[in-house]
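Heads up: the structure comes next, in structure tokens.
Rule-based calculations on the coordinates, nothing more; no lab input. Just so it is clear, the structure is predicted and the values come from calculations on it, not from any experiment. Glycine gets a Cβ as well: all are built from the backbone with ideal geometry, and neighbour counts include every protein chain shown.
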Amino acid sequence: MSAAALAIQLLNGLASASSLFLVAAGLTLIFGVSRIVNFAHGSLYMLGAYGAYAIGAWLDARLGRSLAGFAAAVVAAAVLVGLVGALLERLVLRRLYGAPELLQLTATFALVLIIRDLTLAAFGAEDLLGPRVPGLAGAVEIAGRAVPQYDLAMIAIGPVVLVGLTLLIGRTRFGVLVRATAEDRTLAAALGIDERRLATAVFALGALLGGLAGALQLPREPANLGMDLSVIADAFVVTVVGGLGSIPGAFLAALLIGVTKTLCIALGDVHVLGVTVALPRATLVVEFIVMAVVLAVRPNGLLGRPPPPAAATVLPEQRALIRRPGRTHALIASAIVAVALLLGVAGDDYTRVLATDVLIATLFAASLQFLTGLGGIVSFGHAAYFGIGAYAAAVAVRHGWPFVAALALGPLAGYGAAWSFGAVSMRLAGIYRAMLTLAFAQIAWSIAFQWDSVTGGSNGLVGLWPPAWLGARGAYYFVTLGLVATAWATLFALGRTPFGFAVRAARDAPRRAEALGIDVAARQWRTFAIAGAVAGLAGGLFAFSKGSLSPETLGIGRSVDVLVMVLLGGLNATFGPLLGAGLYVWLQDVLARTTEYWRACVGLGIVVLVIAFPHGVGGGFARWRARRSAK
């Protein structure tokens, strides 16, 4: 490629980096003050695009299309999104300050579901392409090649916003208050700073920046319902690579990732040691590779500082629920097994299919409960090991492996992936470790999405049904029941061995555990790998129960689904995985057949759960029993 062509590609990358910086700047600003992991920031970006489209169409119909009208639509959309952000902060997110990251992520993902369905109801499912911007619709010739004028305008907007935010945070009283609150919320409150009002203002400003980015993106990309999740992963990467809370760091990270993606496209296929590497296909994964490399070298990001002590992953109320199993537990377990056997014998095909889904989801949730409830390790990408186990079993069957051997490969693949990812992730702590687990999950998703010859790419794999002898009279259901019960009981028993008690000690008091001779990092690493193996077994069972696989098996949505199941059942409730998985799968099945907007219903339920019952339904029941026993 010529130098001129490379320069043009770099300009395109700078335009994309500028847009990404606007989104990430709002996200990092919100985190710097509130410490909220705001998954709904992508939804604010999406609302900005839809708002600019609607306001722009209204202005064009009355005043005619003009550059001033476009600018007015962008500003109005950004301000409206800022107001929406302030409303969300006051109604929902204010209640989550200081809560564990799991609760924050789950609640903000619930807002994603609600906002998406509200947008669907208001604008429909069709993509809405904004008109070209008057005065910026042409191209400028640079080095004999055409560069869109709008891209050049986008390149200029990023530094302008950076300078403006730097002056706002560094030279104004508002900025002093923001920095003081970000440094120490307790001390800032003691000095008379109204931290609630300040947090609302900062959240509104961050939401405004996200809405501004979406509105400015409209001439380059149509407004669509998938914008929220497609941009939030990129924004998280930029925020973490730059350093949480650092706006200059977000700018540098956006430039780094934007230019790296552009170079992958510009360089095309390269040959290394006789192997052809298709760099353009790596654009889906390169940013996560950059993130992993940066965090391995600089655990706090490029310009980030060590975060303040994070909230405990396990709530104090939930620690009190951990007790030795007794006769009541045995009776409940026997009743559950009896009901499960009865469903397999007397239930119809639909009942067995739904019960199989619940069993597999239970095992998946149990693996995350073991990791997070017992180990105190937050994972935002647990679906990676579920999906890797599913694909390993599926690919083995397609290559002629016997069913039993292929199914056994699922937990082995999940264990290997978790062991490898954990070697890097366990070097970090807090939100950085959680975000790195998300990065690894996205890397796995990208590989599954693009490795057509093995995974089937975006089309996935089909024809993965179990052998005929397992299809008779629901035999596969009983196989699933036996494996799920055995694996779940093994996890339960493992949590009550010396290993399990050491893991709990590492969770609750890591420094004291190290002083007692416990290798905290090694225990956490092993816990991570065991959870990955169990998730891989659940993935293998899932592949054969559905008969097909797609890359969504490893997607962000599935990781959040299992988080909701765990929180719904209770982080440390004995039968929490079954309760959470059963309620979640049943509600999804009922609502999906009842209303088009079932996601919003699920989202509302999650918000109520997180705010009113942070210890989960199972945890709440156990606490009620404990209080009655104490009387």
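Which value, in debye to the nearest 20, gives the size of the charge dipole of the chain about its Cα centre, when Lys and Arg are +1 and Asp and Glu are -1 at the Cβ? Dipole of the chain, to the nearest 20 debye: 2060 debye.
At 0.36 nm per residue, minus the direct Cα-Cα distance, what do ALA521 and ARG197 gain on full extension? Give it in nm, one decimal, please. Show your work: numbers first, answer last.
On the way: separation 324, 0.36 × 324 = 116.64 nm, distance 3.98 nm.
That pair, ALA521 and ARG197, stretches by 112.7 nm at full extension.
Just to verify a number: FRET efficiency for ALA423 and LEU494, C-beta to C-beta distance, R0 = 22 Å, to 0.05? With R0 = 22 Å, the Cβ-Cβ based efficiency is 0.55.
List the equivalent ellipsoid semi-axes of the range 380-446 in whole Å, largest first, each obtained as the square root of 5λ for an eigenvalue λ of the Cα gyration tensor. It would help to have the intermediate numbers written out before the result.
Details: eigenvalues 144, 23, 10 Å².
In descending order the semi-axes read 27, 11, 7 Å.
When the Cα positions of VAL74, VAL202, CYS264 are compared along the charge dipole of the chain, VAL202 comes out farthest toward the positive end, with charges on each C-beta of Lys, Arg, Asp and Glu.
The peptide list 440-452, 539-551, 365-377, put in order of mean Cβ contacts within 10 Å with the highest first, becomes 365-377, 539-551, 440-452.
Hey, what angle do you get for helix 173-183 against the long axis of the chain, alpha-carbon based, 0 to 90 degrees rounded to 10? With rounding to tens, the tilt is 20 degrees.
Using all pairs of distinct alpha-carbon atoms, the Kirkwood hydrodynamic radius of the chain works out to 25.7 angstrom. For the range 10-297, the normalised intensity computed at q = 0.09, 0.16 Å⁻¹ comes to -0.45, -1.31 (log10 of I(q)/I(0), Debye sum over alpha carbons, equal scatterers, no solvent). Ranking LEU225, PHE380, GLY482 by how far each Cα lies toward the positive end of the dipole of the chain (charges on Cβ) leaves GLY482 at the top. Compute the long axis of helix 520-546 from its Cα atoms, compare it with the longest principal axis of the Cα atoms of the chain, and write down the angle in degrees, 0 to 90, nearest 10. Around 80 degrees separate the two axes. Binning the alpha carbon pair distances of the range 33-159 at 10 angstrom intervals from zero yields the distribution 11, 32, 28, 20, 8, 1, expressed in whole percent.
Peptide packing for 593-606, 180-193, 248-261 was compared via the average number of neighbouring C-beta atoms within 10 Å per residue; ordered from the highest value, the list is 248-261, 593-606, 180-193.
Pairing the Cα long axis of helix 576-594 with the longest principal axis of the chain, what angle in degrees results, from 0 to 90 and rounded to the nearest 10? Between helix and principal axis, roughly 60 degrees. Highest mean packing first, where packing is the average number of other Cβ atoms within 10 Å per residue, the peptides 512-522, 44-54 line up as 44-54, 512-522. From helices alone, the chain scores -24000 deg cm²/dmol at 222 nm; the rule is -39500 (n - 2.57) for each run of n ≥ 4 DSSP H residues, then divide by the residue total.
By the compact-protein rule of thumb, 2.2 N^0.38 Å, the alpha-carbon radius of gyration of the range 316-630 corresponds to a ratio of 0.98.
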